[in-house]
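Only one structure is covered here, and it is reproduced in the block below.
We did not get these values from a lab; they are worked out from the coordinates using the rules stated. Since this is a predicted model, take the numbers as computed values, not measurements. Please note: Cβ atoms are built from the backbone with ideal geometry, for glycine as well, and neighbour counts cover all protein chains shown.
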Amino acid sequence: MHRLKTAVVALMPLCICLAGCNGGNNRAPTSPAQETARAQLESQQKIAAQTAETYHQMDNGALLQKLVEQSTAQKEPFNSLAYRELKTRKDVNPDSLVSLVRQMKNGNALLPLLLLRKFAREIYLGLPAELRAAVLTDALQNSKVFNTWGLPHAYLEDASKAMLESGKSAYPALRRMLSETRPAPVFGSQEFMEYQRFKYRLCDYALFFLEEMQGNANFVMPVSAADRDSLIKEMLKSKP
């Protein structure tokens, strides 16, 4: 499944409109509304390019500060300009990321943790599993949209892969989430269609992680919420 990125999604309607308006020489001249759309698209593209260049000019210290701000604001890795810029650099000190994770110890440290996982996997795995689990489960618990995690039946983002790597340390928090039925929406046209089909909730993500962590290689996420509820009920009866 192709994952749609917010920056791209925001521009697509305008691009489609403009492409349709100029697809052939025999088409009528553009209308004032189409010209306005074109101007808006060009303005958005210019702002995006200028913003990316601003981040490109920042030093690592400034970018790490932005990374913390965007992590606290629950920006997805692909929507965090600081994350995207830092990911391209070869001189980021892993110790600075370790320090941020150890200082915050909660979901606000998600982006530094995921960046550390990309830069220095051995150092990332050297962090106590309890600390990694605390960051990841807190981020999951407080997520408002769930693109950071992916879709359990379709694809997993890095945050979900990191959650699985945290193992049994995440069990207590995930088991508590089994009782939380609030919706777990995602954005993006394809992703939203899949969300509408499954009607995912926070408890479903917890169910998926626990099934995977417990070695259920044959687990397939049921489409029916009632079927998932039955699995959750059985899991809550079992010992941690």
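Shape verdict for segment 61-194, please, from the Cα gyration tensor: rounded (a/c under 1.5), prolate (a/b greater than b/c) or oblate.
oblate
Between Tyr155 and Ala73, how many nm apart are label points set 7 Å from Cα along the C-beta direction?
2.5
Starting from the Cα gyration tensor of segment 55-127, take the square roots of the eigenvalues, sort them a ≥ b ≥ c, and report rounded, prolate or oblate (rounded when a/c is under 1.5, otherwise prolate if a/b is larger than b/c, else oblate).
Oblate, since a/c reaches 1.5 and b/c is not below a/b.
Apply the Karplus parameterisation 6.51 cos²θ - 1.76 cosθ + 1.60, with θ equal to phi minus 60°, to every residue of segment 53-69 and state each ³J(HN,Hα) to the nearest whole Hz, in sequence, with x for glycine and proline.
Rounded to whole hertz, the list is 5, 4, 5, 5, 7, 6, 7, 4, x, 5, 5, 5, 5, 5, 4, 5, 4.
Only loop residues by DSSP count here, and only those with at most 14 other Cβ atoms within 10 Å; note down the trypsin sites (Lys or Arg not before Pro) in segment 195-240 that meet that.
Numbers: sites: Arg197, Lys199, Arg201, Arg228, Lys233, Lys237; in loops: Lys199.
The qualifying sites are Lys199.
Using Cα pairs under 8 angstrom and six or more residues apart, how large is the relative contact order of segment 144-240, in percent?
Computed value for segment 144-240: 29 percent relative contact order.
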